[in-house]
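The values are calculated or read from the model by the stated rules, or taken from the named source; none is laboratory data. Please read these numbers as outputs of a predicted model, since none were measured by experiment. Counting neighbours? That spans all protein chains shown, and the Cβs are built from the backbone with ideal geometry, glycine included. Calculation scope for accessible area: heavy atoms of the full protein, side chains included, ligands and nucleic acids excluded. Shrake-Rupley method; radii C 1.70, N 1.55, O 1.52, S 1.80 Å.
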Amino acid sequence: MISLKINQKQYDVDVNPDMPLLWVLRDVLQMPGTKYGCGVASCGACTVHLNGDAVRSCVTKISRAANQEVVTIEGLSPNGDHPLQKAWLEADVPQCGYCQSGQIMSAAVLLREKPDPTDQDIDDAMNGNLCRCGTYLLIRKAIHLAADMQKQGAKI
Amino acid sequence: MSVINTKYGRRSFIKSSFLAGGGLMLGFNSLASLITEGRALETIPDEWFNINAYLKISSDGVFTIKAPHPEFGTDVRTSLPMMVAEELDVDWKKVVVEQADYKPSIYGRQYTGGSRGVMEKWVPLRTTGAAARQMLIKAAAKTWDVPEAEITTEGGVLYHKASGKSAKYEEMAARAAEIPVPEKVALKDPKDFKIIGTSRANVDLIKMVTGKAPYSSDINREGMLYAMVVIPPAFGMKLKSFDALSVKSMPGIKDVFSFKTYEDGYKRNMFDTNAFPELVAIVGNSTWEVLNAKNKLKVEWQPFTEQSFVMAGFRGEQTVVVPPGLESSSDHKAKMKDAADKPGRQMRKDGNPEEVFKNAAKVIERTYSAPFLPHYMMEPITSFAHYTDEGLFVAGPVQSPETTINTISSRIGLPPEKIHIELTRMGGGFGRHFHAHCLTEAAVISQKVKAPIKLQYTREDTTNMGSYRPACLAVYRAALDKDNNLIAFHVKAGGVPDNGLNANAFPAGAVDNYLAESFSIASNITSGWFRAPGDNFIGGVEQSFLDEIAEAAGKDPIEFRLELLKRSKEKPVGARADYDASRYAGVLELVREKSNWAANKKRGVAAYLCHRAYAAHVIDVVVKDNVSRVQSVFSAVDCGIVVNPDSATNMVEGNVVDAIGHAMYGELTFTKGKPDSSNLGKYRLIRMNEAPKNIEVHFVKNDIAPTGLGEGPYPSVFGALANALYKATGKRFYHQPFIKNSF
Ligand code: FES
Ligand code: FES
């Protein structure tokens, strides 16, 4: 049995300790928000937070996540109202949408580290997240929007 | 206002629409929309009234509109229902969109591709909305005992001004559902549109940003097993033998077997492109366990000798002969060069090009090429099937359910009526999912193991399975007279297997002496439709070549194109030109103005018509530390009426980014039949830091019926980029990917 803490909830799973977190989330715990894109840490579709860091769950063995804090897109905010999620709505970012949960999870760490990112910061931080549909400009715009929302929220 | 004859009364409609073969006007069927998808609404209404197959109205004023086409990212789930809502005259905030079941007898053709969704549904969907509104008006007129003509509507409310009476649509819905379908309905004048032409957010947005949008790979059913397939390692190979015992005892493994996707002697439909119709399936309890077994399975492969099968195509049935052998990209290049040196298949000839070339003052000849490209949909191929004695439920990425269902039906031995094909959201498509073999494969596996199964391709399988954009080559020649007039134009283009040259496209019709020839090279590497098929290569290279002609003639590249278009409009050459010269010129003029063309010298331009949308781009490139990067892009697009402007802009931006990426980096090469890269570790797709800093999109404003945008803006980006790179670096870019630029 491996004990997991995902989105503030406790789970015990009986799986091979080598199984990647991605497949535990998708197949065992039925949390399909985290996506499979490449399986080799090159597309970012599977990004989740492990103790606050953005990690590629496709190459993160479940044993590494045992008893650690995991956050997935399903748990990023209680009501889908994280500034990034709101900004994504406002900018109407997605096309097919498949990459977007990974994009948001990567952006969330960026915004925490750099509350007011420049275009260059965004390019650097988001470089590992592919969008085959090419929504990069809207992603950049939404991250700036979210940064603004965060700033305004802080002032209140 | 235009009056549309709905032609059909309610009773006869279903039969008639079927006979009309896709010319569906109304899609009325009071039974068709009884099942709700149980979508979370704030309050669940007590009663639903089925006004027609596209529309349900709840007793508390929720308007459920069906989205008929499968969605793979072009936002048809939003833009098509907008058309119904427009004519119905309701508040968009009260609209809930549901995916329609696959029922072409009711909804007409339901497929996604060819940028045709908005165009084909433009009249039928508005007619549906207008007819429903008409029925609500009739119901109110009857109830209030007033003439129909005195009733007006606004935002889902019926008004009779003279008596001061009003009623919400939902209050009249039950009565409206009893009213016969009107024979004729009036459609709005575009100037009265309130929803069409205004930006409406993607209806699945909230789900997408919270991880709740369901893709076919997200399907999960009680008792579901996981399957993967093992495919031959190289084109030209097939299964020889495998040792099931090598993995059967591994944890979580239930079954290992081989299967054929088509029965022997099967006549393939036009989208049954499939290099590997015999696979090994591994079935087990989780993706991970099955993947481990897949990596351990002992399999032997062998080269195949010649294979052939009968396949349907646009030009009827043909016998396809697949050559044996293990092909390499170097062979393809040599063969294409060879073919280009010989006379090709003549596709169009005007005047006397041979003679004119001989006597010209100046002749320019250039060769262009591009490699195979895999589609790289973000979602690797995944499908779901559940076979039971009652029938088959399948779901998966499918752009053409109509052909897919027939393939499955013939393989599984169930009539199409017993197959339910779910149109789930796809994580990209770009043409790849016309070839939806994965649904048949899943169905075969489910039938064999008697359980619901999810078939998951790895990224590597998704790449290696084929159906690529073909490798292409084109040789262009132009002849100028001593006054630098373009007097002859010659294109010879082909590919492995071909590249879809349209001989009647611009500049045909604008040059007195014109010759178009094609060639084709057989291969066992499969290819298929890829965003703007054919045009994605030809459009770009033709526009690069025109740039060189303009330069040789000492003319501004926009001016040069406008002169040719003027010629084609005023004194067309030949019987046929597949473009409207005025709309073509219109996008060039618009992009010239919006980009302030003369302000910068380091920029390139191109324009192209594709899938009925005209597009022109100006691209600015900057070179820093020897690396070229696109700084800005200005795009002008004429796709007629723009239904959903923000979404349309997103689509144009996506085309631009995608095309820049593929032009710069995209390349799949082969060594002895084996793709040289199957995953992103070695395959390069454009990333955020390589995307342009700015893209400015402008639409030509007109009242022409809309056409789609999934492909139209794509090809010209390749040309504008090559031309911009030339201006920025002094070097012409003839061979894709430009990052290598050598053939
Ligand atoms: S699936 Fe993990 S990075 Fe691509
Ligand atoms: S929206 Fe389709 S991959 Fe990003």
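Do you know which of the residues in region B:425-436 that are within 15 Å of ligand 2 (Cβ to nearest atom) and more than 14 Å from B:Gly114 (Cα to Cα) is most open to solvent (accessible area, probe 1.4 Å)?
It comes out as B:Arg425.
Within this structure, A:Gln152 passes the test of being more than 30 Å from B:Ser216 (Cβ to Cβ), without any contact (Cβ under 8 Å) to a residue 12 or more places away in the chain and either more than 12 Å from chain B (Cβ to nearest Cβ) or over 13 Å from the mean Cα position of the chain (by Cα) (or both). Per this entry, A:Met105 is counted among residues that are within 15 Å of ligand 2 (Cβ to nearest atom) and within 30 Å of A:Gln10 (Cβ to Cβ).
For region B:183-194, the criterion of being in a helix (DSSP H, G or I), open to solvent by 50 Å² or more (accessible area, probe 1.4 Å) and facing chain A (nearest Cβ under 9 Å) is met by no residue.
Could you tell me whether any residue of region B:623-633 is open to solvent by less than 10 Å² (accessible area, probe 1.4 Å), outside any strand (DSSP E or B) and of a type in the set (Val, Ile, Thr)? Looking for residues that are open to solvent by less than 10 Å² (accessible area, probe 1.4 Å), outside any strand (DSSP E or B) and of a type in the set (Val, Ile, Thr), one finds none in region B:623-633, hence no. Residues that are more than 9 Å from ligand 2 (Cβ to nearest atom), of a type outside the set (A, V, I, L, M, F, W, C) and out of contact with any Lys or Arg (no Cβ under 7 Å at 6 or more places or on another chain) within region A:117-135 comprise A:Pro117, A:Thr118, A:Gln120, A:Asp123, A:Asp124, A:Gly128, listed in sequence order. Would it be correct to say that B:Gly156 is away from every other protein chain (no Cβ under 14 Å) and either more than 34 Å from the chain's Cα centre (by Cα) or not hydrophobic (A, V, I, L, M, F, W, C) (or both)? Against the criterion (away from every other protein chain (no Cβ under 14 Å) and either more than 34 Å from the chain's Cα centre (by Cα) or not hydrophobic (A, V, I, L, M, F, W, C) (or both)), B:Gly156 qualifies. Among the candidates A:Gly80, A:Gly52, A:Gly39, the residue that is away from ligand 1 (no atom under 16 Å from the Cβ) and touching a residue at least 12 places away in the same chain (Cβ under 8 Å) is uniquely A:Gly52. Looking only at residues in region B:437-455 that are basic (Lys, Arg) and more than 14 Å from every other protein chain (Cβ to nearest Cβ), the one that is surrounded by the fewest Cβ atoms within 10 Å (Cβ to Cβ) is B:Lys450.
Among the residues of region B:198-217, is any assigned to a strand (DSSP E or B), open to solvent by 40 Å² or more (accessible area, probe 1.4 Å), on the phi < 0 side of the Ramachandran plot and not acidic (Asp, Glu)? Taking every residue of region B:198-217 in turn, none turns out to be assigned to a strand (DSSP E or B), open to solvent by 40 Å² or more (accessible area, probe 1.4 Å), on the phi < 0 side of the Ramachandran plot and not acidic (Asp, Glu).
Which condition does B:Asn220 not pass, out of (1) modelled with pLDDT under 95; (2) in a strand (DSSP E or B), if it passes all the others? All conditions are met except number (2). Condition first: buried (at least 16 other Cβ atoms within 10 Å of the Cβ), within 14 Å of chain A (Cβ to nearest Cβ) and free of Cβ contacts under 8 Å to residues at least 12 places away in the same chain. Can you find one or more residues in region B:226-239 that meet it? No, that holds for no residue.
When B:Ser79, B:Ser59, B:Ser105 are checked against the criterion of being of a type in the set (Ser, Thr, Tyr) and closer than 30 Å to A:Cys131 by Cα, B:Ser79 stands alone in meeting it.
Among the residues of region B:357-374, none qualifies, meaning not one is within 19 Å of B:Ser216 (Cα to Cα) and within 16 Å of ligand 2 (Cβ to nearest atom). For region A:13-25, a residue qualifies if it is in a helix (DSSP H, G or I) and more than 7 Å from chain B (Cβ to nearest Cβ), and the qualifying residues are A:Leu21, A:Leu22, A:Val24, A:Leu25. The condition (being part of a strand (DSSP E or B) and touching a residue at least 40 places away in the same chain (Cβ under 8 Å)) is satisfied by just one residue among B:Val697, B:Val717: B:Val697. Being of a type outside the set (Gly, Ala, Ser), open to solvent by less than 40 Å² (accessible area, probe 1.4 Å), in contact with a Leu (Cβ under 8 Å, 6 or more places away or on another chain) and not in a loop (DSSP other than H, G, I, E, B) is the filter here, so list the residues in region B:159-181 that pass it. Correct list: B:Tyr169, B:Met172. For region A:94-109, indicate whether the set of residues that are at the interface with chain B (Cβ under 10 Å from one of its Cβ atoms), surrounded by 24 or more Cβ atoms within 10 Å (Cβ to Cβ) and more than 16 Å from ligand 1 (Cβ to nearest atom) is non-empty. The answer is yes; a qualifying residue exists. Can B:Gly661 be described as among the small types (Gly, Ala, Ser) and in contact with a His (Cβ under 7 Å, 6 or more places away or on another chain)? Taking the combined requirement at face value, the residue does not satisfy it. Selection of region B:623-647 for residues being at pLDDT below 95 and among the hydrophobic types (A, V, I, L, M, F, W, C) yields B:Val623, B:Val627. Among the residues of region A:110-148, the ones that are assigned to a helix (DSSP H, G or I), away from ligand 1 (no atom under 14 Å from the Cβ) and either within 10 Å of chain B (Cβ to nearest Cβ) or open to solvent by less than 10 Å² (accessible area, probe 1.4 Å) (or both) come to 16 in all.
Go through region B:634-669 and report how many residues are crowded, with 24+ Cβ neighbours inside 10 Å and part of a strand (DSSP E or B). The qualifying residues number 5.
Conditions tested, residue by residue: (1) assigned to a helix (DSSP H, G or I); (2) within 14 Å of chain A (Cβ to nearest Cβ).
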| residue | (1), (2) |
| --- | --- |
| B:Glu390 | no, no |
| B:Val394 | no, no |
| B:Gln399 | no, yes |
| B:Glu402 | yes, no |
| B:Asn406 | yes, no |
| B:Arg411 | yes, no |
| B:Leu414 | no, no |
| B:Phe430 | no, yes |
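Residues in region B:254-305 that are part of a loop (DSSP other than H, G, I, E, B), of a type in the set (Gly, Ala, Ser) and surrounded by fewer than 17 Cβ atoms within 10 Å (Cβ to Cβ): B:Gly265 alone. Taking the criterion of being open to solvent by 10 Å² or more (accessible area, probe 1.4 Å) and within 11 Å of ligand 2 (Cβ to nearest atom), no residue of region A:84-93 qualifies.
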